[in-house]
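Here's the structure we're looking at; comments come further down.
The values are calculated or read from the model by the stated rules, or taken from the named source; none is laboratory data. Because the structure is predicted, anything quoted here is derived from the model rather than measured. Cβ placement follows ideal geometry from the backbone for every residue including glycine, while neighbour counts extend to all protein chains displayed.
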Amino acid sequence: MAQSENHDEIRHDSRPRTGDNDALQAKVLTVSDGVVAGEREDKSGEALVSSLSSAGFQVVEHRAVADGVDSVAESLIDMVSGFAGLVITTGGTGFTERDLTPEGTLRVVERNAPGIAEAMRLANPLGRLSRGMAGIAGKSIILNTPGSTAGCVECFEAVADVVPHALRLLHGERLH
């Protein structure tokens with residue numbers, strides 16, 4: 001956010017940037033046994049990469065990992081190490097036995113961001129079935145989104161306007 005000259009009005013500037021010309025960076029983690037086994041295409045991960053790019057993020061990594069608490073936690077630890085940006089997962093947030101992305105994410109986040117997770121759940125009536133979370137790990141924000149192509153994009157788009165501001169705050173910029 002940038003203040004106007006009268007300092008009473010705040011203008012929201014959701015363009016993802018850290019400086020004058022620096023785009024914020026993002027990484028995508030697809031959590032899916034089927035994708036890792038080569039039995040399914042990674043349509044949700046590809047949709048997130050496209051949506052992030054359209055929103056002005058520079059996607060610097062996209063990987064897939066099998067479902068499971070340890071596999072998700074290990075991948076997220078590696079992805080946030082030395083990284084200052086958005087890490088967004090797709091898959092593993094539902095009610096099946098193998099949907100363990102939130103549990104893996106909980107092992108990595110240092111602080112929860114429940115408002116972001118709740119906003120993502122409000123994007124669609126089926127969002128109420130998501131157990132996905134949002135939180136901070138180091139200088140990164142981690143978002144869990146559903147494994148459906150439409151669901152993951154809707155969830156990201158529900159918070160795409162505030163994530164750049166949150167990242168700039170996390171990176172130490174004084175915005176007000």
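What to note about this one:
- The conditions of being acidic (Asp, Glu) and either farther than 15 Å from PRO146 by Cα or modelled with pLDDT under 95 (or both) are not met by GLU103.
- Region 27-73, subset in a strand (DSSP E or B) and farther than 24 Å from HIS165 by Cα, residue nearest to the chain's Cα centre (by Cα): THR30
- Only one of ASP22, ASP33 that is farther than 19 Å from PHE156 by Cβ and at pLDDT below 95: ASP22
- The residues in region 150-173 that are part of a helix (DSSP H, G or I) and within 15 Å of VAL87 (Cβ to Cβ) can be counted, and the count is 9.
- Residue in region 47-67 that is in contact with a strand residue (DSSP E or B) (Cβ under 9 Å, 6 or more places away or on another chain), among the polar types (S, T, N, Q) and under 17 Å from VAL31 (Cβ atoms) present: no
- Among the criteria (1) out of contact with any helix residue (DSSP H, G or I) (no Cβ under 7 Å at 6 or more places or on another chain); (2) over 22 Å from LEU24 (Cβ atoms); (3) among the β-branched types (Val, Ile, Thr), the one THR149 does not fulfil is (1).
- If you go through region 29-54 and keep only what is in contact with a Leu (Cβ under 9 Å, 6 or more places away or on another chain) and either over 26 Å from GLY85 (Cβ atoms) or among the hydrophobic types (A, V, I, L, M, F, W, C) (or both), you end up with LEU29, VAL31, LEU52.
- Restricting the first member to region 24-46 and to residues that are β-branched (Val, Ile, Thr), and the second to residues that are assigned to a strand (DSSP E or B), the beta-carbon pairs closer than 6 Å and six or more apart or on different chains are VAL28/HIS62; VAL28/ILE88; THR30/ALA64; THR30/THR90; VAL31/VAL65; VAL31/THR89; VAL35/ALA64; VAL36/ALA64.
- Checking each residue in region 129-155 for being of a type in the set (A, V, I, L, M, F, W, C) and either surrounded by fewer than 21 Cβ atoms within 10 Å (Cβ to Cβ) or over 12 Å from THR89 (Cα atoms) (or both) picks out LEU129, ILE136, ALA137, ALA150.
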